[in-house]
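The values are calculated or read from the model by the stated rules, or taken from the named source; none is laboratory data. Remember, it's a predicted structure, so these values are computed and weren't measured experimentally. Note that each Cβ is placed from the backbone with ideal geometry, even for glycine, and that neighbours are counted across all protein chains shown.
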Amino acid sequence: MYKTKLGLKLMDRLSTKDDNKMIPVYGITTGVIGIVLIILGLIFHSIILGGLGFSLILIGLVIGISLNWLGYFGTGIGFLGMIFILYVLIKGVINLIISPVTIPTVTPLLPGIQLAPGIPVLSFWHWIIGILIIACIHEFSHGLYARLNKVPLKSSGFAFIGPLLAAFVEPNEKVMSKKRKRKQMHILVAGPLSNIITGILFFTIGTLVLTPIVSSGLEFQGLTVVSLTNNSTLNTTNITGETIIAIDGVALKNSTAIESILLSKNPGDTVNLRTLNNGYNVSLSQSESNSSKASLGIYASAYYGHIPPGVKVGFWFIELFFWLYVISLGVGLFNLLPLGPVDGGRMFYVASLAIFKKERNAKKVYKIMTWICIILILINLLPFILNFLSYLFSLF
């Protein structure tokens, strides 16, 4: 752990934002520019302009809204998020009981992990950089709201947890515990709320701005089969890894071409697939989401042939923004769990203290909820734990 004073002056300066009467004007101006860009995007059919516009509206809202009002809003969102993440964990446990082969609700975000078919594998550098950026945003927000509510900050800094580089701020806990409960809530929810807001912003920038810009330098040539669904009729073939360029003689000109072609087909119809190397006559299966619709039963990624170095760099950043979005939402929601020392657990304890008045009763409820969360998490992680143990035993 390396303690510094890095960022403390900026937190002090930004904590006085509500006193500057021009700040809302800046926020409104940014939002208006965003609306204009969205209108221009609709006129010129430009996803890039629309994405920039939506991003500026989000930024304008964050700039223009009072920090105090954002604290009240965040507290409400925080408790709704707490209910939501508990629901997700409970539903995940029920799904595992009903169907043990279902995709787990909880998966540890580690390098080499693929959250679901069709989603890129998390690389080491995306993992390290993503965690660092998100931790800095999370902790800076805690520090900002601590200073807004006159809680002194002892230090800020960085911590090394194995290969991970994390960030932290150190508020004066004694002073904080004496503040009104609503102010404590504002400080605690600031981290998770900032992760959720910036997660949405990362998704918008990556999907609506960077992706169209980078993709404009590519020539779509087909769809590479990444994996097959359980009910796919292609399971008897060796098509995985091949690139489909045409169906029934119709060339695939974009990534959604397959969906358009299949709209005129029914489950059981035979189609001819042309790949870069082979041809296949296959019977269409039923769509997993709608049994009346035809499906090839594949998970595929776009194939562009030779990719210029500059475009490869662009895709690296697109993937970074995707993982910033995924990790931001994951960290934000996980920290809203009413669990032990995380932000949601401390929020739950402050709320319990307000309801039950006596510290002993509040701590008892807090401990019970913490154990419930731990059990739910462990059950949801069971498929991953079993697979990991199976891998370890296979090494001996």
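Taking the listed residues 283, 328, 295, the one that is under 30 Å from residue 123 (Cα atoms) and small (Gly, Ala, Ser) is 328, with no other qualifying. Count of segment 89-117 residues, restricted to those that are part of a helix (DSSP H, G or I) and surrounded by fewer than 15 Cβ atoms within 10 Å (Cβ to Cβ), is 4. Restricted to segment 338-349, and to residues there that are at pLDDT below 95 and among the aliphatic types (A, V, I, L, M), the residue that is surrounded by the most Cβ atoms within 10 Å (Cβ to Cβ) is 339.
Restricting attention to segment 308-330, the residues that are within 15 Å of residue 217 (Cα to Cα) and among the small types (Gly, Ala, Ser) add up to 2. Candidates are the residues of segment 164-187 that are among the aliphatic types (A, V, I, L, M) and modelled with pLDDT under 90; the one that is nearest to residue 143 (Cα to Cα) is 169. Screening residue 16 with (1) surrounded by 16 or more Cβ atoms within 10 Å (Cβ to Cβ); (2) closer than 24 Å to residue 136 by Cα; (3) of a type in the set (Val, Ile, Thr) gives one miss only, at (1). Yes or no: residue 275 over 31 Å from the mean Cα position of the chain (by Cα) and modelled with pLDDT of 90 or more? Criteria met by residue 275. Step by step: first the residues of segment 188-221, then only those that are in a helix (DSSP H, G or I) and over 28 Å from residue 335 (Cα atoms), then the one that is modelled with the lowest pLDDT. Which residue is that? In this case the residue turns out to be 215.
Inside segment 116-134, can you point out the residues that are of a type outside the set (Ser, Thr, Tyr) and in contact with a helix residue (DSSP H, G or I) (Cβ under 8 Å, 6 or more places away or on another chain)? Once the filter is applied, which keeps residues that are of a type outside the set (Ser, Thr, Tyr) and in contact with a helix residue (DSSP H, G or I) (Cβ under 8 Å, 6 or more places away or on another chain), segment 116-134 yields 120, 122, 126, 127, 129, 130, 131, 133, 134.
Each row is one residue, and each column tells you yes or no for (1) of a type in the set (Val, Ile, Thr); (2) surrounded by fewer than 19 Cβ atoms within 10 Å (Cβ to Cβ); (3) under 30 Å from residue 181 (Cα atoms); (4) modelled with pLDDT of 85 or more.
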position	(1), (2), (3), (4)
283	no, yes, no, yes
296	no, no, no, yes
313	yes, yes, no, yes
321	no, no, no, yes
335	no, no, yes, yes
356	no, yes, yes, yes
359	no, yes, yes, yes
